[in-house]
Structures are given as C-alpha cells and as structure tokens.
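No lab work stands behind these numbers, since they all come straight from the coordinates. All of these numbers come straight from a predicted model, not from anything done at the bench. All Cβ positions, glycine included, derive from the backbone under ideal geometry; neighbour counts span all protein chains shown.
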Amino acid sequence: MTKEKRVCKNKKCSKSFVAKVYNSIYCSSECRRLVTNEKLLKAYHDKKKNKNKPRVCVTKTCTTILSTYNKENICELCKQKRFVKRLASWGWDEDKLNEELRS
C-alpha cells in the first residue's frame, strides 16, 4: 500500500508530507495544535465581541434586540413566522398554523 503525498492544511505551513494515516490533513501535531488554537481564539473573541454590543434581529421589519444567549441572528418570533410561511408554501393552511401558534 503506497502512502500518498498531501499538502498541509495549515495556511502558514503548506508543506508537502506523506500521510501516515488516511485522514491526516496536517503535517505535524504542531501544525494541528496551531490551527486549533487559532480557531479557539477566534471563537472566544467573536463571543466576547457579541457580548458587549447589542445585536438586532436581521429581518428587515424587526427591531428586536437579541439576547446574549441567542446564538442565532434572528429572534424567535421571526423564526416562527418564517417557519409558518415555509409550511404554507408546502400547502398547509397558514391561518390554522398561526392560530395553533397563538394558543
């Protein structure tokens, strides 16, 4: 069984290497650690940035300020409306769906 040559997925490295296992994408554990740490640090800073700034629902007509615990960028009410419209496009009765959501 011949081992194939691959290019390291670390953008700062991009070395050519022979894969020791079938699913390796980095040339070394050092490259894998660096990429993982970068991703973790980016996620940390994104979360911190969102915590200090009020976020608003992305729909054009809504001005609801989102909770810091809401990971999405759409409020629950707009999400429900979007879901009802999707079901209505599939043939469901929109009035009945809205009535069910209210009760």
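Points worth noting:
- In this simple spin-label approximation, Y69 and V7 carry label points 7 Å from Cα along the Cα→Cβ vector, and these lie 4.6 nm apart.
- Max mean-square fluctuation residue, GNM over the chain, Cα-Cα springs under 10 Å, options L66, L87, L41: L87
- Exposure proxy ranking, count of Cβ atoms within 10 Å, fewest first, for K79, K12: K12, K79
- Taking Y69, Y44 and counting other C-beta atoms within 10 Å, the order from fewest to most: Y69, Y44
- Charge dipole of the chain (Cα centre as origin; +1 on each Lys and Arg Cβ, -1 on each Asp and Glu Cβ, all else neutral): 940 debye, rounded to the nearest 20.
- Cβ-Cβ FRET estimate between L77 and K20, R0 fixed at 41 Å, reported to 0.05: 0.20
- Residues of segment 9-29 with amide N under 13 Å of the 7 Å Cα→Cβ point at N37: 29
- Computed label-point distance, nm, for sites K47 and R102 using a 7 Å Cα→Cβ extension: 4.0
- Spin-label pair D95/R55, simplified geometry with 7 Å Cα→Cβ offset, distance in nm: 3.7
- Set of aspartates and glutamates near K5 by C-alpha distance (under 20 Å), chain-local residues within fewer than 8 positions excluded: E30
- Compactness index (Cα Rg / 2.2 N^0.38 Å), segment 54-103: 1.29
- For the chain, with +1 on Lys and Arg beta carbons and -1 on Asp and Glu, the positive-most of N73, H45, T61 along the dipole: H45
- Nearest 10 degrees, 0 to 90: helix 76-89 Cα axis against the chain principal axis: 80
- Answer label for Rg and Dmax of the Cα atoms in Å (calculated), chosen among [x] 23.2, 64; [y] 13.2, 36; [z] 13.8, 43: [x]
- Residues with amide H under 5 Å from that of L66, placed H, sequence gap 5 or more: R55, V56, C57
- For the residue pairs K15/K39; K42/K81; K53/K79; K47/K81; K9/K47; K20/K71, the alpha carbons lie more than 29 Å apart in K42/K81; K20/K71.
- Taking a straight Cα-Cα cut-off under 18 Å and skipping sequence neighbours fewer than 8 places away in the same chain, the lysines within cross-link reach of K85 are K60, K96.
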